[in-house]
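Colleague: Could you have a look at this structure, given as structure tokens, before my questions?
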Amino acid sequence: MLSKRIIPCLDIRDGKTTKGIRFKDNRDIGDPVEMARFYYEQGADEIVFYDITASSDRRDIMIHVVRRVAEEIFIPFSVGGGIRTLEDMRMVLLAGAEKVSVNTAAVLNPTIISDGAMAFGSQCIVLGMDVKKVRATDKTPSGYEIVIHGGRTFTGIDALVWAQKAERLGAGEICLNSIDADGLQQGYELELTPLISENVTIPVIASGGAGNIEHMYDVLTKGRADAALIASIVHYGTYTIRQIKQDLHSRGVKIRITW
């Protein structure tokens with residue numbers, strides 16, 4: 001069994017790390033380069049970097065920030081936001097990232113997944129999914145709908161159908177974010193996460209809602225997630241990554257220990 005991963009998430013706006021609740025009321029909380037280095041030194045397994053307004057503002061990702069972050073850390077590093085073309089992917093990978101995450105662009109043009117997988121390998125292509133719980137209908141039978149443009153645009157696409165299609169197209173991993181749980185620190189969405197993780201064969205990163213270590217334990221066990229994305233609980237100093245890993249390890253979760 002592969003080790004479960006603990007992955008801090010850095011949401012970037014105007015060159016600063018920011019944090020909000022349900023994709024709203026964001027406030028700046030620090031420098032992404034310093035924070036990336038800090039989490040790397042604490043023992044993070046990976047780091048995710050999202051330029052959260054690149055897609056909604058229809059602008060390119062801030063590649064200079066990617067380069068600066070990549071110079072400071074020596075663990076896998078995923079970058080998303082504003083990636084629309086193979087050339088965008090190439091620039092991000094050449095800047096030092098190991099993976100690129102596509103979300104809005106993949107919904108608007110699904111072939112970017114297959115083209116990226118063919119050009120760079122499936123292991124480099126992460127599908128970002130922002131998901132909202134809705135009433136189950138013929139279009140959204142799972143009761144979960146894909147939302148794009150940073151949570152601003154409902155698509156009518158069923159989350160499970162989209163996850164399975166993206167896997168067929170060549171996505172190597174899914175980062176699954178519950179908009180309903182995002183930033184509330186009340187726990188991950190434990191209906192959505194196993195729905196996706198049990199119906200695809202690629203790794204699923206659970207995102208949105210971590211408030212304590214119990215929440216992380218639940219999503220990695222009951223939720224069948226391969227990794228837990230975290231933000232507020234480490235950004236605001238509630239826990240260190242070392243504390244999280246030691247606690248999970250003591251509960252029998254297979255985790256990478258570096259000390």
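The values are calculated or read from the model by the stated rules, or taken from the named source; none is laboratory data. Predicted model, so just to flag it, every value in this text is computed and none were measured. We place every Cβ from the backbone using ideal geometry, glycine too, and count neighbours over all the protein chains shown.
Colleague: If you scan segment 168-190, which residues turn out to be out of contact with any strand residue (DSSP E or B) (no Cβ under 8 Å at 6 or more places or on another chain) and either at pLDDT below 95 or not basic (Lys, Arg) (or both)?
Modeller: LEU169, ALA181, GLN185, GLN186, GLY187, LEU190
Colleague: In segment 64-106, which residues are within 18 Å of GLY151 (Cα to Cα) and in contact (Cβ under 8 Å) with a residue 40 or more places away in the chain?
Modeller: Listed by number, the residues that qualify are GLY80, GLY81, SER101, ASN103, THR104, ALA105, ALA106.
Colleague: A further question follows. For segment 95-119, give me each residue that is surrounded by fewer than 19 Cβ atoms within 10 Å (Cβ to Cβ), among the hydrophobic types (A, V, I, L, M, F, W, C) and touching a helix residue (DSSP H, G or I) at 6+ places or on another chain (Cβ under 9 Å).
Modeller: The answer is ALA117, ALA119.
Colleague: Say we look at segment 14-45 and pick out the residues that are among the charged types (D, E, K, R) and touching a Gly at 6+ places or on another chain (Cβ under 9 Å); which of these is modelled with the highest pLDDT?
Modeller: Top of the filtered list is ASP31.
Colleague: Which ranges mark the strands (runs of 3 or more DSSP E) fully within segment 138-181 that have 1 or more residues being among the aromatic types (Phe, Trp, Tyr) and more than 20 Å from VAL200 (Cα to Cα)?
Modeller: 153-158
Colleague: When you go through (1) in contact (Cβ under 8 Å) with a residue 60 or more places away in the chain; (2) over 21 Å from LEU184 (Cα atoms) one by one for GLN246, which number turns out not to apply?
Modeller: (1)
Colleague: Scan segment 117-135 for residues that are part of a loop (DSSP other than H, G, I, E, B) and out of contact with any Phe, Trp or Tyr (no Cβ under 9 Å at 6 or more places or on another chain) and jot them down.
Modeller: Scanning segment 117-135 gives GLY121, ARG135.
Colleague: Which one is nearest to GLY172 (Cα to Cα), of the residues in segment 204-231 that are among the hydroxyl-bearing types (Ser, Thr, Tyr) and surrounded by fewer than 20 Cβ atoms within 10 Å (Cβ to Cβ)?
Modeller: Selected residue: THR221.
Colleague: Further question: Could you tell me which of the residues ALA166, ALA181, ALA206 is among the aliphatic types (A, V, I, L, M) and in contact (Cβ under 8 Å) with a residue 40 or more places away in the chain?
Modeller: Only one candidate passes the filter, namely ALA166.
Colleague: When only residues in segment 70-116 that are among the polar types (S, T, N, Q) and not in a helix (DSSP H, G or I) count, which is farthest from ILE12 (Cα to Cα)?
Modeller: Per the criteria, the residue is ASN109.
Colleague: Kindly state which helices (runs of 4 or more DSSP H) lie completely within segment 205-259 and contain at least 1 residues that are of a type in the set (Phe, Trp, Tyr) and either out of contact with any strand residue (DSSP E or B) (no Cβ under 9 Å at 6 or more places or on another chain) or farther than 21 Å from LYS99 by Cβ (or both).
Modeller: Hits in segment 205-259: 213-221.
Colleague: Next question. State whether the residues of segment 83-91 include one that is at pLDDT below 90, surrounded by 17 or more Cβ atoms within 10 Å (Cβ to Cβ) and farther than 17 Å from ALA166 by Cα.
Modeller: No, that holds for no residue.
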